[in-house]
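Novice: There's a structure below that I have some questions on.
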Amino acid sequence: MSKSAPIRSFRDLIAWQRTYSLGLEIIRRLATFPSEERFGLALQIRRSAVSVPSNISEGFGRGTRQDYLRFLYIARGSLYELNTQLSFARDLGYLDAETGARLGEQVDECERVLWGLIRSLQEKPDQSV
């Protein structure tokens with residue numbers, strides 16, 4: 001088994017990379033939403049999409065494993081919130097079925113990677129981050 005590169009920055013975390021990419025794609029898709037949703041569902045989706053990688057990076061910078069885990073759980077909650085909001089957008093016809101399915105798959109992948117990061121921190125024997 002090869003040794004992975006050391007994590008020196010939150011940008012090195014696969015969880016951050018995947019959630020950031022998802023957020024970018026979602027923000028780009030919001031431009032296609034009806035103008036009346038600009039301050040409604042679209043705004044909520046934007047906030048959730050930005051919140052996930054933001055909480056991962058903030059937790060990384062906190063310096064303690066307890067704080068890090070707390071922020072990762074907040075990120076996970078925001079990811080679930082985003083998933084629900086995307087379901088609304090799809091069901092209201094703001095996202096076509098193909099785009100909705102693809103974004104849903106990306107959300108699921110982000111959830112798996114984020115949960116893996118959380119478990120790895122919970123299983124560490126010492127208190128270092």
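Novice: Out of the residues in segment 77-129 that are basic (Lys, Arg) and in a helix (DSSP H, G or I), state the one that is farthest from Gly23 (Cα to Cα).
Specialist: Taking the candidates together, the pick is Arg119.
Novice: Is one or more of the residues making up segment 104-120 touching a residue at least 12 places away in the same chain (Cβ under 8 Å), out of contact with any His (no Cβ under 7 Å at 6 or more places or on another chain) and hydroxyl-bearing (Ser, Thr, Tyr)?
Specialist: No: zero hits.
Novice: Return the residues of segment 16-63 that are β-branched (Val, Ile, Thr), surrounded by fewer than 17 Cβ atoms within 10 Å (Cβ to Cβ) and part of a helix (DSSP H, G or I); say none if nothing qualifies.
Specialist: Going through segment 16-63, the residues β-branched (Val, Ile, Thr) turn out to be 19, 26-27, 32, 45, 50, 52, 56.
Within this subset, residues satisfying the condition of being surrounded by fewer than 17 Cβ atoms within 10 Å (Cβ to Cβ) are 27, 32.
Of everything in segment 16-63, just one residue is β-branched (Val, Ile, Thr), surrounded by fewer than 17 Cβ atoms within 10 Å (Cβ to Cβ) and part of a helix (DSSP H, G or I), namely Ile27.
Novice: Condition test on Gly63, is it modelled with pLDDT of 95 or more and either within 17 Å of Thr32 (Cα to Cα) or not hydrophobic (A, V, I, L, M, F, W, C) (or both)?
Specialist: Here the answer is no, as Gly63 does not meet what is asked.
Novice: Being in contact (Cβ under 8 Å) with a residue 60 or more places away in the chain and either assigned to a helix (DSSP H, G or I) or buried (at least 20 other Cβ atoms within 10 Å of the Cβ) (or both) narrows it down to one residue among Tyr73, Tyr68; which is it?
Specialist: Of the residues listed, the single one that is in contact (Cβ under 8 Å) with a residue 60 or more places away in the chain and either assigned to a helix (DSSP H, G or I) or buried (at least 20 other Cβ atoms within 10 Å of the Cβ) (or both) is Tyr68.
The values are calculated or read from the model by the stated rules, or taken from the named source; none is laboratory data. Remember, predicted model here, so these are calculated numbers, not experimental data. Quick reminder, even Gly has a Cβ in these numbers, built from the backbone with ideal geometry, and neighbours come from all protein chains shown.
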